[in-house]
Structure formats: structure tokens, C-alpha cells
1. Would you tally the net charge around residue 100, using a Cβ to Cβ cut-off of less than 14 Å, leaving residue 100 out, and scoring K and R as +1, D and E as -1?
2. At most 15 other Cβ atoms within 10 Å and a DSSP loop assignment: could you name the trypsin sites (Lys or Arg not before Pro) in the range 49-109 that fit?
3. Which ordering of 104, 64 is given by a fewest-first count of other beta-carbon atoms within 10 Å?
4. List the residues whose amide H sits under 5 Å from the amide H of residue 68, counting only those 5 or more places along or on another chain, with H placed 1.01 Å from N in the peptide plane.
5. Work through the residues other than residue 44 whose Cβ is under 14 Å from its Cβ and net out their charges, Lys, Arg +1 and Asp, Glu -1.
6. As an exercise, use a Förster radius of 25 Å and the Cβ-Cβ distance of residue 106 and residue 65 to find the FRET efficiency, rounded to the nearest 0.05.
Amino acid sequence: MPSILAGPLHTTASLNHARQPTSPWERLVARVVVDVMLKPEILDPQGQAVLGALGRLGFEGVGSVRQGKRFEIEVDGPADEALKARAEEMAEMLLANLVIEDYSVRVEA
């Protein structure tokens, strides 16, 4: 099994043209955002509870609610394709249950 933490993240490709550190004390840090949601065909009881509560509180016109999870991960190194691949691996191995959940990954500088 490949290690999620193996190897440096430094490559020449860049998704967001991340700024390089200008001093030895400055770290290059990228942010990964992973959004995880139940698949559309999976019942969402928490979303149903929120939908009911919104109606009881007087918020009219809300047709449906689905609840999910958001992970914001800061990683040393540039925001590049290698980081996105590692973030996809994190999502598949730990952050999302692929049987019932979908995920999306976004890398920010």
C-alpha cells in the first residue's frame, strides 16, 4: 500500500502558480479542500432533520437539504498535480466511504 506521507511534494508543475518562499524562514504551504457528500441515491436522515427544522422555523420554499463533510488540509509544498493526486488518495483511503459517499478535491495555493 502506498504511503500517503511518502516523498516530498516539490515538482515544477503548478496548478495555481504558488509563490516560492523568499527567505529560509518562510514555508511554502498549500491547502487542500475535500468535500464529501452522500451519494444521491443514499437516504440522508440528517438532511431530512434539517429540512424539517427549517420549515418549523419559518423558512419556506426549501425543497431539500443534504448534509456533508468538508476537510481543509494544509500541506507543506506547492499546490501542484502531485498534491492533488495525494489528496485524492487521502479521500479514497480515509476521508470518504466510497460505498455511500462521493468526494471532490480542490487544491489552493
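Any read-out appearing in this document is the output of simple, stated calculations on the displayed coordinates, not a laboratory observation. Bear in mind that the values here come from a model prediction, so they are computed numbers and not experimental data. Neighbour counts are summed over all protein chains in view; Cβ atoms, including those assigned to glycine, are modelled from backbone coordinates with ideal geometry.
1. It works out to a net charge of -2.
2. Details: sites: 56, 66, 69, 70, 84, 86, 106; in loops: 66.
Listed in order of number, the matching sites are 66.
3. Least to most surrounded, the residues fall as 64, 104.
4. The list, which skips near neighbours in sequence, is empty: none.
5. On the way: positive: 39, 66, 69; negative: 41, 101, 102.
Summing Lys and Arg as +1 and Asp and Glu as -1 gives 0.
6. Working from the Cβ atoms, E equals 0.65.
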